[in-house]
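These notes are about the structure you will find just below.
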Amino acid sequence: SEKSMRAAIVFDIDNTLTPPREALDRDMAERLGALRRPFALAAGSDLGLLMSQFFEPLHAYGYKGEFDAFICNGASRYRCRSADELDVSPVDEFSLLRHLGPERFAALSQLLEELWVDPRFALPESVRIVGPRIIDRQAMINIAPSGRERGALSAEARASREQFVAFDEKTGYRARVMPLLRAALDQRLPDND
């Protein structure tokens, strides 16, 4: 109801309930279990990553209850029930492939692959690429210039992210790349097709 929604608490996961890309710890699981108000989650990650990072640890630490999770930046909604068994079921799932159709999705994927060989998108040698740079999360595509490991980040991946952040802050890389990417998307995937 509208009244209960005003009393709900919504949490992000990375840097709020857990360190970035690390599993939920017992203390935070117990704090969530002690809440007297309903809560929901909002996360940029997909279900596979959140299962090991949040849902499974929460259940393993004894949490009993039900909440909704809005994942892939809110594009998909799941209901999580944790009792004797853990049940994470879709309420509303968005699929980028289904939305665009196979041909437009393939064109988008090809465009993103080409992005990394374009000299305008080159990174300096000081920024190591660790993991895939294009991650299909079903409801969205994550573009990670320095790569993105699945699951918990290794020391090498953390260092790579820090190198990229410093490079981006110094050069405005993302701010320069976005208009070029938008123009390429408009040219290759016009809305009127």
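Things worth noting here:
- Applying the condition of being surrounded by 15 or more Cβ atoms within 10 Å (Cβ to Cβ) and among the charged types (D, E, K, R) to segment 159-173 and asking which residue is nearest to ARG21 (Cα to Cα) yields ARG161.
- Segment 73-128, residues that are of a type in the set (Gly, Ala, Ser), free of Cβ contacts under 8 Å to residues at least 12 places away in the same chain and more than 25 Å from LYS170 (Cα to Cα): SER89, GLY101, ALA106
- Residue within segment 51-62 that is surrounded by fewer than 13 Cβ atoms within 10 Å (Cβ to Cβ) and either free of Cβ contacts under 8 Å to residues at least 24 places away in the same chain or of a type in the set (A, V, I, L, M, F, W, C) (or both) present: no
- Hey, ARG161 farther than 23 Å from SER76 by Cα, out of contact with any Ser or Thr (no Cβ under 7 Å at 6 or more places or on another chain) and in a helix (DSSP H, G or I) or not: no
- Flag for LEU41 being of a type outside the set (Phe, Trp, Tyr) and free of Cβ contacts under 8 Å to residues at least 40 places away in the same chain: yes
- Single condition ARG150 does not satisfy, out of (1) open to solvent by 40 Å² or more (accessible area, probe 1.4 Å); (2) not in a loop (DSSP other than H, G, I, E, B): (2)
- Residue match in segment 101-123 (condition: open to solvent by 80 Å² or more (accessible area, probe 1.4 Å) and within 27 Å of LEU24 (Cα to Cα)): no
- Test set (1) at pLDDT below 90; (2) acidic (Asp, Glu); (3) open to solvent by 30 Å² or more (accessible area, probe 1.4 Å) - ASP92 fails condition number: (1)
- Residue check for ARG79: under 26 Å from ASN142 (Cα atoms), out of contact with any His (no Cβ under 6 Å at 6 or more places or on another chain) and modelled with pLDDT of 90 or more: yes
- Residue in segment 9-26 that is part of a helix (DSSP H, G or I) and within 24 Å of the chain's Cα centre (by Cα) present: yes
- Being among the small types (Gly, Ala, Ser), crowded, with 16+ Cβ neighbours inside 10 Å, closer than 21 Å to ASP186 by Cα and in contact with a Phe, Trp or Tyr (Cβ under 7 Å, 6 or more places away or on another chain) is a property that does not hold for ALA144.
- Near pairs, Cβ below 8 angstrom, 6+ apart or cross-chain, from segment 132-144 (on the phi > 0 side of the Ramachandran plot) to any residue that is open to solvent by 70 Å² or more (accessible area, probe 1.4 Å) and in a loop (DSSP other than H, G, I, E, B): GLN138/GLU93
The values are calculated or read from the model by the stated rules, or taken from the named source; none is laboratory data. Note that the coordinates shown come from a computational prediction; the quantities given were computed from them, not determined experimentally. Because the Cβ atoms are built from the backbone with ideal geometry, glycine has one as well, and the counts that use them run over all protein chains shown. What goes into the accessible areas is simple: the full protein's heavy atoms, side chains included, and nothing from ligands, DNA or RNA. Shrake-Rupley method; radii C 1.70, N 1.55, O 1.52, S 1.80 Å.
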